[in-house]
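Taking it in order: structure first as structure tokens, then the write-up.
The values are calculated or read from the model by the stated rules, or taken from the named source; none is laboratory data. Small disclaimer: the values here were computed from a predicted structure and weren't measured. Here Cβ is always computed from backbone atoms with ideal geometry, including for glycine, and neighbour counts include all displayed protein chains. The accessibility values were calculated without ligands, DNA or RNA, using every heavy atom of the protein model including side chains. Shrake-Rupley method; radii C 1.70, N 1.55, O 1.52, S 1.80 Å.
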Amino acid sequence: MPRPSPPPGSTREILGAFLALGLSSFGGPIAHVGYMREAFVRRRGWLDEAAFAQLLAVCQFLPGPASSQLGFGIGLLRGGWRGALLAFLAFTLPSALLMFALAALAPRLDGDAGRALLHGLALVAVAVVAHGVVGMARQLAPDLPRALIAAGAAAAVLSAGGAWVQLAAIAMGALAGRALCRGAAVPRSVAFAVPLGARGAAACLGLFALLLVGALLWQDTGPDATGMAAAFYRAGALVFGGGHVVLPLLQQSVVEPGWVGQDAFLAGYGAAQAVPG
């Protein structure tokens, strides 16, 4: 029998939980998965391991930042559209404010003390990622067939590294699971109880496609608001695999046209890895 879902949460509860993560979850998208599992599966019980794994798989399959999508999905399950928007805002706003502050303080962080600080944060993130991976492996790959599927997917992703390999690994994992895990307990499906419906879903897909076509056809007019919106929409809509994979496309979009210098681009990436959220 699956564990019953907890009752819907209040907006204050969702805002507080995700704001705490937005202020403390260092290490980038991979580490964020471990933080969210600890916060919402183990400590608060907002969803169980099976629901968390299914939601994470959906987020990994979509383009864009998986950890932000995962937070949005958890907020959606917990508090509907209002909870989803609050979760997204609370998780991402602290890092945006910190990036503004780091940009202003960048000249003072160029010495040994600044580099040591960033290196220490990276080491902490490694421990968080390892803890999350071990915990999810124990829960989601408890027998030999599922452990072999997980090991094969990890080997494929680590050996090739392209975004398409991650999608192929997910698809092949689904086929292997159907063939090798017929006798295993099937986890319950996640029910997204949102007032969207087929027409709403079609409208969202149509808007996504329309904006993507517009972004692809937009002529470079310089770093104005419309040009930046088109460049970053292309990056968000076409790149699978998380923050590291999006770097080449962002570099092509903002460095090659001369909007941002190469040194400033790399410094900004380093700062983004150093802030939480």
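Being outside any helix (DSSP H, G or I), under 23 Å from residue 57 (Cα atoms) and not hydrophobic (A, V, I, L, M, F, W, C): is that true of residue 277 here? Yes: the conditions hold for residue 277. So in the stretch 88-118, with the set limited to residues that are at pLDDT 85 or above and in contact with a Gly (Cβ under 7 Å, 6 or more places away or on another chain), which one is surrounded by the fewest Cβ atoms within 10 Å (Cβ to Cβ)? So the residue we want is 93.
Tally up the residues in the stretch 57-76 that are in a helix (DSSP H, G or I), at pLDDT below 85 and open to solvent by 20 Å² or more (accessible area, probe 1.4 Å), please. Adding up the residues that qualify gives 4.
Here is the figure for the stretch 171-191: residues that are closer than 23 Å to residue 36 by Cβ and at pLDDT below 75 total 5. Evaluating residue 233 against the criteria (1) buried (at least 17 other Cβ atoms within 10 Å of the Cβ); (2) assigned to a loop (DSSP other than H, G, I, E, B) leaves one unmet condition, (2). Tell me whether the stretch 195-202 contains one or more residues that are under 27 Å from residue 74 (Cα atoms) and at pLDDT below 70. Yes, some residue in the stretch 195-202 is under 27 Å from residue 74 (Cα atoms) and at pLDDT below 70. Of all residues in the stretch 46-56, those being open to solvent by less than 20 Å² (accessible area, probe 1.4 Å) and in a loop (DSSP other than H, G, I, E, B) number 1.
Among the residues of the stretch 25-44, how many are open to solvent by 60 Å² or more (accessible area, probe 1.4 Å) and farther than 16 Å from residue 77 by Cα? Looking only at that region, the number is 3.
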